[in-house]
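> I am attaching a structure below and will ask some questions about it afterwards.
We did not get these values from a lab; they are worked out from the coordinates using the rules stated. Just so you know, these numbers come straight off a predicted model, no measurement behind them. Methodologically, a virtual Cβ is constructed for each residue, glycine included, from the backbone with ideal geometry; neighbour enumeration extends over all protein chains shown.
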Amino acid sequence: MIKLPKKSGSARSYNWRPNFRDLESLPESRVVRTRFFLPTFAVVVASLFSAYILFQEYRAMRIGEDIKVLEAEIATYEERHDEKVKYNAEFMEISRRLSEVVEFKQGRLVASDLLLSLSSRLLDGMYLEQVDYMEGRANIQGNVLVSAEEASRLVNEYLKSIEEADVMQGLLDEYKLTSLERAGAGNGIVFRIEVTKKEEKK
């Protein structure tokens, strides 16, 4: 039986249960902490590094997808650009040909265009008999199968019409009625129109 000591003036504390620990055989707490925290730190660093690598891979994957989308858009724009370049080349070729035609026709009078312009403006009762053109001068001769008074009015209207239409295509610009006389054997009234170049004023 354990005897409790008697109370004295100084207070003493006792363990409520026996201490069976062998302090000499227990490892030091510093060594335990080192062995625990080093692996934990290594695991944390490895986890962070793995997360960083995964994030970079995901970012690279997204960038790759964006690049594919941009390449598809660029391909579409390249097709449109090539199409426009093709149309532009065709337009330039047509423009070159038209320029050659205009240059060829410049200073030349196309007979078919002149005859078409003159005949399409004839009034009722009028017809052409002769059209002569030499450089710097044109003579238009026709016949009117109406009375003298009516013939004068029709010829003047016809003269005004071909002058406003510029049937000589800018090469000649002064239109004059040179004669209006009855044809022989009563075959209508013959008119003659002369077209020349106006003299430039000094």
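> Pick out, in residue order, every one of the GluC sites (Glu not before Pro) in region 124-200 that is DSSP loop and has at most 13 other C-beta atoms within 10 Å; say none if there are none.
Glu135, Glu199, Glu200
> Quick check: net charge around Glu79, other residues with Cβ under 15 Å of its Cβ, Lys/Arg +1 and Asp/Glu -1?
Charge balance in the 15 Å sphere: -2.
> Please state the charge dipole magnitude for region 51-197, taken about the Cα centre, from unit charges on C-beta atoms (+1 on K and R, -1 on D and E), reported in debye and rounded to the nearest 20.
Taking the Cα centre of region 51-197 as origin, the dipole is about 260 debye.
> Let me check I've understood the local charge: for Glu129, count other residues with C-beta under 14 angstrom from its C-beta, Lys and Arg +1, Asp and Glu -1. What total comes out?
So the surrounding residues net to -1.
> So what does log10 I(q)/I(0) come out to for region 59-202 at q = 0.16, 0.17, 0.19, 0.21 Å⁻¹, using the Debye formula with one equal point on every Cα and no solvent?
Here log10 of I(q) over I(0) equals -0.90, -0.96, -1.09, -1.22.
> In a shell of Cβ-Cβ distance under 13 Å around Arg153, excluding Arg153 itself, what net charge do Lys and Arg (+1) and Asp and Glu (-1) give?
Charge balance in the 13 Å sphere: -3.
> Report the label-to-label distance for Ala165 and Asp66 in nanometres (one decimal), using points 7 Å from each Cα along the Cα→Cβ vector.
It works out to 6.9 nm between the two label points.
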